[in-house]
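Heads up: the structure comes next, in structure tokens.
None of the figures in this text is laboratory data; all of them are computed from the coordinates on show. These figures come from a predicted structure and were not determined experimentally. Cβ: placed from backbone, ideal geometry, glycine included. Neighbour counts: every protein chain shown.
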Amino acid sequence: MDETCSCYTCQNFSRAYLHHLDKTREILGAQLNTMHNVHYYLTLMQQMRTAIAEQRFADFYQKFYEKREIGI
């Protein structure tokens with residue numbers, strides 16, 4: 001997953017183990033991936049709300065898409 005992510009999944013499980021769970025169709029893999037995805041979107045929405053409140057959403061938007069283009 002993401003080494004910089006603070007979610008339960010990324011902090012406690014290796015990419016290899018998550019890959020194994022996916023390939024063996026273990027329900028735990030889907031649950032852990034869902035936990036990661038929900039954490040990602042909750043964090044993203046909090047960052048967006050903060051940027052809006054601080055009147056810097058345009059800068060946030062630009063930086064967000066710059067990171068996506070280079071694959072971060």
(request) Tell me which residues, restricted to the range 38-72, are under 19 Å from T9 (Cβ atoms) and polar (S, T, N, Q). (result) T43, Q46
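If you take the residues in the range 1-21 that are in a loop (DSSP other than H, G, I, E, B) and more than 19 Å from G71 (Cα to Cα), which one is nearest to the chain's Cα centre (by Cα)?
Result: C7.
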(message) What are the pairs with Cβ atoms under 9 angstrom where one residue, in the range 42-55, is closer than 20 Å to C7 by Cα and the other, located anywhere, is outside any helix (DSSP H, G or I) and small (G, A, S)? Sequence gap at least six, or different chains.
(response) T43/S6
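Conditions (1) more than 30 Å from Y61 (Cβ to Cβ); (2) in contact with an Asp or Glu (Cβ under 7 Å, 6 or more places away or on another chain); (3) of a type in the set (A, V, I, L, M, F, W, C), marked per residue:
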{"site": "Y8", "(1), (2), (3)": "no, no, no"}
{"site": "A16", "(1), (2), (3)": "yes, no, yes"}
{"site": "H20", "(1), (2), (3)": "yes, no, no"}
{"site": "T34", "(1), (2), (3)": "no, no, no"}
(request) Please specify each residue of the range 22-72 satisfying the condition of being on the phi < 0 side of the Ramachandran plot, part of a loop (DSSP other than H, G, I, E, B), surrounded by fewer than 11 Cβ atoms within 10 Å (Cβ to Cβ) and more than 12 Å from the chain's Cα centre (by Cα). (result) T24, E54
